[in-house]
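The values are calculated or read from the model by the stated rules, or taken from the named source; none is laboratory data. Just so we're clear, the structure is a prediction, and the values are computed from it rather than from any experiment. Here the Cβ positions follow ideal geometry from the backbone for every residue, glycine too, while neighbour counts run over all protein chains shown. These area figures cover heavy atoms from the full protein model, side chains too; ligands, DNA and RNA do not enter into them. Shrake-Rupley method; radii C 1.70, N 1.55, O 1.52, S 1.80 Å.
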Amino acid sequence: MSLRNLDAPDTANARRVLGVMCAGMFLVLLDVTIVNVALPSIGHSLHTDTAMQQWVVDGYVVAIAGLLLTGGAIGDRVGHRRVLLAGFAIFGAASLACALAPTVGVLIGARIVQGVGGALLLPSTMAVIVDVFPDRGEQAKALGTWAAISSVALPAGPLLGGLLIGWLGWRPVFWINVPLTIAAIVATLAVVPARPRVPRDGRLDVPGLVGFVAGLGGFVFTVISAGHHVGWPILSVSIAVTIAGLATVLISARRSAHPILPLDLLVRREFLSPNVVALTMNLVVNGMLFVGMLYLQDVRHYSPLAAGIAVLPLAVPLIALAPVSGRITGRRGPRTAIAAGCLLALVGMPMFTQLGSGHGIAWLLAGFTLLGCGAGLVTASSVAAVVRATPPDRSGLATGVSNTARQIGTATGVALFGAIAGSPASDRFVDGIQLLALIAAALWTGALVVTLTGVRHR
């Protein structure tokens, strides 16, 4: 049941609800960025290589991406407040397991469980915001605020991670989530209205869900393994799993009354286009962040804190421009803000081709700045474009699709960029980043074309 069908909350309580939803999104994003700066320390402590470090990030992100659509669908059925509470509880318990992990295998397993909690949190935070702010203009502003506050995780992660790692090691990076999730549970109980269970026809698309998780996990495994020269027998199996999983999703989507993959929405250009742009944005931003942290700490030998500070040119404009994007979207529609963001990010990509020069750090910071400006304009406007292209009674599913696209981008970016760049101990690592900059420029060009041809102007 949509919250807008019940008594609307007063303005003050709506703002409190927005604050709690921003906190939920902040937690999930914090655990991507804070772990990025911790990866070299985790690698040294647990004696693991770059491929396993990629899985510390991607195990979490693949779980989120694979289960987000289910999280949105469950929220639409049983109420997003219940799903939020379950998500916070699972996330906090898994964070505790990460902090206590004795081996990298246990750490990756706990990260996957964290991802399950994140998959419950993300679509519900967005769906609640959409429901309590039904007016299009106020909705765009609220989503802009949500994007800005949650984006604080980008600079907060590396900075907080750098401080914690420098003083106490990498394990407090996960300990910190425990009190934060407890506080979030208390706040959710206090300010988010309880809603009765909403009966829905049909069952969840379990074959589609299993196929989606298997297909995405198989794809990421294939990319990471190929980049680290795993033999063809293993690659052949992972490719087969990927194909079988995705085929199962498509078959189930055509047969199920309530498919996990909403083909009826995805065939609509105005819905698909902003999701493609969002996927591209997360792919490039998180891919560059992953290799950038390895470059700063393992090639340039920056401390974790110094590396975190070096990410600020990416993070600050992303935060500052998110509410600006919301205002532009409210006045002129999402296409203008998305196109401007794609252009800025595209201009920034050639900067990364200069990392091998004597002024490599300056070029890195310039590239991060333009990439952050582009992402800041794209984030809120792409979400608004998805919401505008979706029927109101499917807000949970739509926001699940939107977040799934982003997390697929993150998982693919870390896998692809890490595979192409290779080990930072290699002489070809910097050459790999330069190649990635050209690939990223092509991706942003494609995103710009998709925006101009497929995103609604109003």
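Observations on the model:
- With R₀ set to 30 Å, the beta-carbon distance separating residue 44 from residue 251 gives a calculated FRET efficiency near 0.10.
- Ligands, DNA and RNA are left out, and with a 1.4 angstrom probe the accessible area of the chain is 37 Å² per residue.
- Calculated FRET value between residue 449 and residue 13, using beta carbons and R₀ = 35 Å, to 0.05: 0.25
- Accessible surface of the range 308-420 [probe 1.4 Å, protein heavy atoms]: carbon and sulfur percent: 71
- Solvent accessible area, Å² - residue 103, 1.4 Å probe, full protein context: 70
- Stretchable slack from residue 362 to residue 264, in nm (0.36 nm times residue separation minus alpha-carbon distance): 30.6 nm
- Here the Karplus relation 6.51 cos²θ - 1.76 cosθ + 1.60, evaluated at θ = phi - 60°, turns the backbone of the range 37-47 into coupling constants of 6, 8, 4, x, 5, 4, x, 5, 5, 9, 6 Hz, with x for every Gly and Pro.
- Once the C-beta distance of residue 135 and residue 306 is scaled by a Förster radius of 51 Å, the resulting FRET efficiency is 0.70 to the nearest 0.05.
- Estimated purely from DSSP H runs of n ≥ 4, each contributing -39500 (n - 2.57), the mean residue ellipticity at 222 nm for the chain is -27500 deg cm²/dmol once divided by its residues.
- Virtual paramagnetic centre 7 Å along Cα→Cβ of residue 163, amide N under 20 Å, in the range 22-36: 23-24, 26-36
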